[in-house]
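Reading through the structure tokens given below for one structure.
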Amino acid sequence: MLNVKQLPVLNDNYVYLIIDEITQTTACVDPAISGPVIETLEDENLSLDFILNTHHHLDHVGANLELKKKYGCKIIGSERDSSRIPGIDIKLNEGDFFEIGESKCKIFDVSGHTEGHIAFYFKKENLIFCGDTLFSLGCGRLFEGTPLQMVQSLLKIRSLPDNTKIYCAHEYTLNNANFALSLDPSNKKLKEKVQEIKIKRSRNVPTIPCFLGDEKNFNPFLMFDNRDYLKRIGLENLNNEESFKIIREMKDKF
Ligand code: ZN
Ligand code: FE
């Protein structure tokens, strides 16, 4: 069993502290800053064994060196991106496995937002830490990768079971929801979903984790091959890569 503690930090980042309940092994996913991580560990009387980095951006690796110095934890990241992950100790690639105590995760290369972006998939626990690749109702901007790379990365995530919990690194859901609704304004189910999100956010309740099943139904960036949807939003006769590219460009300007 894996206990996941969700720490909202900075404007809209989520840092996750994960604790393997059998062995009390701990890992921190994408520590943007150290304060709330240290506080939570001290509250629980725990040390930090690992840092898991999804990618090199500062709002994901900002506290790597400080936490490593304090706890002597090992830092895990993508081999492809190892020159940009501060303090990296263990370099992983697509298909590798890594164990946090008795909880095992599989590494997916989900490049597109950056080159060498990885995700950590815990199959038994039905959850994935996907950084800035997939967001609730959105996806990461293409800073380094191509539309084709991002489509391939999103397909890896989309192929997981519907009840997979998506632990992404940002609370961007409300803005993403408004964009999704602007594309498909007469979609009744989407309207209800947006209403739900508005209520949650007005009460400062996180919309993350979300379930992959919902994302398959509502996330515009997972519907690049859904012909009915593309027709409704005025995009026809395009391949997956082209329709994804156009939806991404529209969101960049939204
Ligand atoms: Zn990023
Ligand atoms: Fe980020």
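The values are calculated or read from the model by the stated rules, or taken from the named source; none is laboratory data. Note that this is a predicted model, so its numbers are computed, not measured. When we count neighbours, we look across all protein chains shown, and the Cβ atoms used for this are built from the backbone with ideal geometry, even at glycine. Side chains included, ligands, DNA and RNA excluded: accessible areas come from the protein's heavy atoms. Shrake-Rupley method; radii C 1.70, N 1.55, O 1.52, S 1.80 Å.
Within the set Gly87, Gly95, Gly116, Gly112, the sole residue that is part of a loop (DSSP other than H, G, I, E, B), small (Gly, Ala, Ser) and over 22 Å from Gly145 (Cα atoms) turns out to be Gly87.
Does Phe143 qualify as being in a loop (DSSP other than H, G, I, E, B), touching a residue at least 60 places away in the same chain (Cβ under 8 Å), open to solvent by 70 Å² or more (accessible area, probe 1.4 Å) and hydrophobic (A, V, I, L, M, F, W, C)? So Phe143 does not fit the description; no.
Yes/no matrix, rows are residues, columns are (1) out of contact with any Cys (no Cβ under 6 Å at 6 or more places or on another chain); (2) part of a loop (DSSP other than H, G, I, E, B); (3) not basic (Lys, Arg):
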{"site": "Ser182", "(1), (2), (3)": "yes, no, yes"}
{"site": "Asn217", "(1), (2), (3)": "yes, no, yes"}
{"site": "Phe221", "(1), (2), (3)": "no, no, yes"}
{"site": "Asn237", "(1), (2), (3)": "yes, yes, yes"}
{"site": "Ile246", "(1), (2), (3)": "yes, no, yes"}
{"site": "Met250", "(1), (2), (3)": "yes, no, yes"}
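Within the stretch 65-81, if we keep just the residues that are closer than 19 Å to Ser153 by Cβ and out of contact with any Asp or Glu (no Cβ under 8 Å at 6 or more places or on another chain), the residue that is least open to solvent (accessible area, probe 1.4 Å) turns out to be Gly77.
Scanning the stretch 1-58 for residues that are under 22 Å from Phe143 (Cβ atoms) and in a loop (DSSP other than H, G, I, E, B) turns up Leu10, Asn11, Asp12, Asp30, Pro31, Ala32, Ile33, Asn53, Thr54, His55, His56, His57.
Looking at Asp59, Asp20, just one residue is closer than 21 Å to Ile208 by Cα, within 15 Å of ligand 1 (Cβ to nearest atom) and either open to solvent by less than 40 Å² (accessible area, probe 1.4 Å) or touching a residue at least 24 places away in the same chain (Cβ under 8 Å) (or both), and that residue is Asp59.
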